[in-house]
Every structure is written in structure tokens, then in C-alpha cells.
Amino acid sequence: MEQKNIVATIYLKNGQAVCGTKDFTPMELDVIELARLYNDSGIDKIIVFDLSDDDEEHEKNIHTIKNINRNVEIKVCAGGNINRLEDIKKFVYAGCLQVILNGARQNSMDLAEEASRRFGKERVLVSVKNVDFIFKHRSEMNENFHELLVLNPKILDAIENITDIPYVVYFDDYDEAKVTEVLHRTNIRGVAGDFINAPSTDVMDLKSKLSSAGIKMDNFEPALKWEDLKKNPEGLVPVIVQDYRTDEVLMLAYMNEEAFCTTIHIGKMTYYSRSRQELWTKGLTSSHIQFVKSLTADCDYDTILAKVSQVGVACHTGSPTCFFNEIVKKEYMEKNPLKVLEDVYGIILDRRANPKEGSYTNYLFDKGIDKILKKVGEEATEIIIAAKNPDQEELKYEISDFLYHMMVLMAEKGVTWEEITQELSQR
């Protein structure tokens with residue numbers, strides 16, 4: 001059985017998230033906060049609709065979409081204001097895995113043919129409100145589209161009689177029985193709708209209900225049960241909590257069976273308070289929620305390592321982590337590759353913001369982009385020459401030189417390592 005998706009929709013107007021295609025009331029959360037919430041709360045895919053009226057607003061929305069993709073790990077698809085292949089390219093280069101064409105527009109099939117040749121049909125979707133587009137182009141559909149976004153659930157039977165292309169269906173209102181019935185269909189990949197977009201929606205609870213109805217969902221199905229874990233004398237299991245992005249240790253807490261089961265069910269870290277002798281979901285009152293990314297037992301099954309997406313701070317003192325009271329510390333040389341690159345990049349940024357007399361980095365910034373580009377080109381050539389030499393020490397030196405100058409270029413153009421690694425992860 002194929003897994004079904006819960007799909008959230010973001011409508012963009014002037015770079016802001018608004019309530020709908022005709023309702024431009026701003027959403028209660030900033031667009032990046034909203035995207036992060038969807039990313040952490042169990043949403044499987046985000047569809048972004050660009051509601052721009054002109055090129056200037058279109059560019060502003062493209063910039064916002066880039067920022068969305070920098071902040072989430074789930075799939076992002078985008079559509080709206082697509083008039084030529086260049087517009088599709090902009091969405092793809094903004095980090096979107098798929099682009100949605102509007103089946104109601106006259107040139108959509110021509111654009112789809114161009115886009116599928118250029119990027120592959122797996123990157124191309126089309127939205128439809130009726131069957132006219134599908135019926136007219138039924139012989140071309142499978143060659144050019146990976147998926148449909150059906151904006152009217154009433155036409156599903158008609159669509160399935162014409163094509164077997166999978167689809168996501170948009171519901172105006174939530175009807176549990178109807179949504180469940182539709183998700184049992186073979187060709188459906190997921191559901192979308194305003195009831196999903198609301199920040200207050202408990203996505204993991206929705207997935208649990210659908211799973212109970214026999215629909216395969218991407219929710220937590222634990223490989224270990226509470227009975228498999230070894231408890232301390234109080235019947236509890238300690239939990240070490242780490243930030244899933246940075247691996248920083250955030251806190252230590254404890255779970256009983258109810259906390260363990262609640263955490264898995266709602267996807268938010270829930271603990272047992274030994275002092276208050278009650279269950280508590282982290283962030284319920286402070287809004288500093290910890291969304292679960294993974295739970296792992298240690299070799300003795302007596303401790304859990306939780307990797308989480310931390311909203312706000314972990315510690316009640318206001319510190320990002322509970323571990324800040326230093327006892328002893330020995331200086332050491334950092335060897336983590338990304339940490340080293342980030343540290344050097346940070347120094348370069350600091351030189352740019354706070355020039356230092358005699359600094360080579362400041363010399364490059366003062367000379368400008370042409371000098372920086374010249375040095376990047378020279379260092380790339382030095383790598384090629386060094387690579388012909390059997391001595392790898394020279395090659396390592398030249399690669400390091402190149403990386404430094406490349407980071408100066410990155411700083412000059414405002415490109416971060418996070419953006420580079422995000423781009424690489426999508427390749």
C-alpha cells in the first residue's frame with residue numbers, strides 16, 4: 001500500500017503568507033515560521049502559490065520561496081504567475097522539487113512539454129478544477145506530468161476514467177468520512193485543504209486517525225515498545241535531548257509509559273515531571289515546543305536519545321541549552337569539517353563587518369568583486385596543476401586556498417554554507 005501525504009498550502013502575496021487566493025489577510029505566523037511549523041509538525045509536502053500581479057512582486061515571492069526552502073527539509077512545490085519557461089526555472093532554482101502549472105491557462109501544455117524536456121516530467125505538476133484540460137490533452141498527460149492537483153473533489157471519478165496519473169486533492173472543508181473515503185482510492189497521493197493549513201491543526205493526530213482507518217501514513221511507528229526498555233527504580237527512562245541540526249545537547253528529562261506513548265502519538269516531546277509528578281508536553285505553556293525528529297535507545301535499552309527541532313529555547317532560564325555551567329574545559333582543535341568551514345566563514349564575515357589593518361581578507365573586500373573572482377580563478381587553476389603532481393600535500397594546500405577564496409566570494413555575494421549544503425542535499 002502506497003503511503004499517503006498530508007499537504008499544506010502557503011499562499012504568497014508580497015512575500016507574506018496570506019489566507020487564500022482571494023483573501024489576502026496575513027496568516028497569524030510569519031511565512032518562515034509557518035513553513036518551519038509545517039516542516040516539524042508532520043506535514044509531508046508544502047505547496048506554495050505565488051499570487052503576484054507583476055514582475056517586481058513575483059521576484060519578491062521567489063526570494064521568499066528560496067528562504068522557505070532554506071528552512072525546511074520536506075518537499076516544496078510552487079506555482080502561480082508562470083508565463084514562460086524562465087518562470088519555471090526560477091521556481092526550480094529557488095529550491096522547489098516540483099512546479100505546478102495552471103491547467104486553466106491556454107499555454108500550460110506547451111510549457112509542460114518544455115519543462116518536462118528541460119527538467120524531467122517528475123518535476124512538473126498541473127492543477128485542475130474541471131476535466132476539460134485533462135480530456136483535451138489525455139494523450140499527452142503521461143508524457144509531461146508527474147502528478148495532478150485536483151481543486152474539486154467532485155471530478156475525481158471523471159479524472160480516473162481519463163487518466164491514471166496520481167493526484168493530490170484539495171478539500172474546501174474537512175469532512176472526516178469523505179477524506180477517509182477518498183484516501184482509500186488507488187491513484188490518490190494525498191490531501192490538501194484549509195483545514196490542514198491552520199497552524200492549530202494537530203497533524204500527527206490526524207495521521208493517527210487516518211492510520212486507524214487503514215490508510216498508510218508517514219507517522220511514527222515505533223520499532224521498540226515501552227516494555228522493551230529498562231526502567232530505573234522509579235519506573236522511568238532518562239531522555240537525552242539533542243538539536244537535530246547542530247547535535248547540541250539541550251536537556252535531560254524523564255519519561256514514563258504515558259509520556260513515551262504521547263510523544264510518539266503527537267510528535268512533540270512529552271515528559272514525566274518527577275517534582276510535580278505529572279505529565280508535561282514541552283512548550284505547552286511557553287510555546288518552546290520540541291518536535292520529534294527521532295528517538296533512539298542506547299545499547300542497554302535504558303536511555304533514550306531524542307533528536308528534536310527546538311522552537312525557542314530548551315532551558316527554563318532562557319538559555320538555548322540547559323548545559324551551560326562550565327566545570328572544566330580543555331582547548332582543542334576543531335576537526336568537524338562543516339564546523340571548521342563555518343568557523344572560517346564566520347571570521348571572514350567578521351573581517352568584512354569589522355575591518356582590521358593589514359588583513360588580507362579586507363584587502364580582497366576593498367579591491368572588490370573582480371579581484372575576488374580573479375583570485376578564485378587563479379586558485380582553481382592551481383588545484384589543476386597540483387593534481388598532476390604525485391605529492392598530495394601540495395593539492396591539499398591548494399584546495400584549502402581555493403576554499404578560503406571561495407568563502408570570501410560567498411561572503412561578498414551573501415551566500416551561506418547552509419544554502420550550499422541545502423542545494424547539495426537536493427541534488
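Observations
- FRET efficiency, 1/(1 + (r/R0)^6) with R0 51 Å, evaluated for I327 and E143 via beta carbons: 0.20
- Per-residue HN-Hα couplings for region 194-202 [Karplus 6.51, -1.76, 1.60; θ = phi - 60°; Hz; x = Gly/Pro]: 4, 5, 7, 5, 4, x, 7, 5, 8
- Largest to smallest principal axis extent of the C-alpha atoms in region 149-231, angstrom: 56, 28, 19
- Accessible surface for the chain, divided over its residues, is 54 Å² per residue with a 1.4 Å probe.
- Pairs from K75/K307; K230/K335; K60/K307; K22/K216; K75/K209 whose Cα-Cα separation, in the structure shown, is over 26 Å: K230/K335; K60/K307; K22/K216
- Between K209 and I240, the distance separating the two model label sites (each 7 Å from Cα on the Cα→Cβ line) works out to 3.9 nm.
- Radius 9 Å from Cβ of I74, net charge of other residues (Lys, Arg +1; Asp, Glu -1): 0
- The gain in end-to-end length when the A223 to Y93 segment is fully stretched comes to 43.0 nm, 0.36 nm per residue minus the alpha carbon separation.
- The loop-placed chymotrypsin sites (Phe, Trp or Tyr not before Pro) in region 19-62, going by DSSP, that have at most 14 neighbouring Cβ atoms within 10 Å of their Cβ come out as F24.
- In the chain, helical runs assigned H by DSSP with n ≥ 4 each contribute -39500 (n - 2.57); averaged across all residues and rounded to the nearest 500, the mean residue ellipticity at 222 nm is -12000 deg cm²/dmol.
- For H184 and S319, the difference between the fully extended length at 0.36 nm per residue and the C-alpha to C-alpha distance is 43.9 nm.
- Spin-label model distance (nm) - V376 vs S425, 7 Å beyond Cα toward Cβ: 2.3 nm
- Percent antiparallel among DSSP beta bridges (both partners in the chain, rounded to 5): 35 percent
- Proportion of all alpha-carbon pairs of the chain beyond 28 Å (%): 61 percent
- The chain: relative contact order in percent, alpha carbon pairs under 8 Å with at least 6 residues between: 10 percent
- Legend: P(r) of region 190-334 from all alpha carbon pair distances, 10 Å bins from 0, whole percents, reading 10, 36, 34, 15, 4, 1.
- Dipole magnitude of the chain, debye to nearest 20 (Cβ charges: Lys/Arg +1, Asp/Glu -1, about Cα centre): 140 debye
- Residue among K367, K329, K225 with the largest mean-square fluctuation in a Gaussian network model of the chain, springs linking Cα atoms under 10 Å: K329
- Only lysines eight or more places from K375 in sequence, or on another chain, were considered; those with a Cα closer than 16 Å are K367, K413.
The values are calculated or read from the model by the stated rules, or taken from the named source; none is laboratory data. Since the structure is predicted, the reported quantities are computational estimates derived from the model, not experimental observations. Here the Cβ is made from the backbone with ideal geometry for all residues, glycine too, and neighbour counts use every protein chain on show. When the accessible area is computed, the model is the full protein with side chains, heavy atoms only, and any ligands, DNA or RNA have been set aside. Shrake-Rupley method; radii C 1.70, N 1.55, O 1.52, S 1.80 Å.
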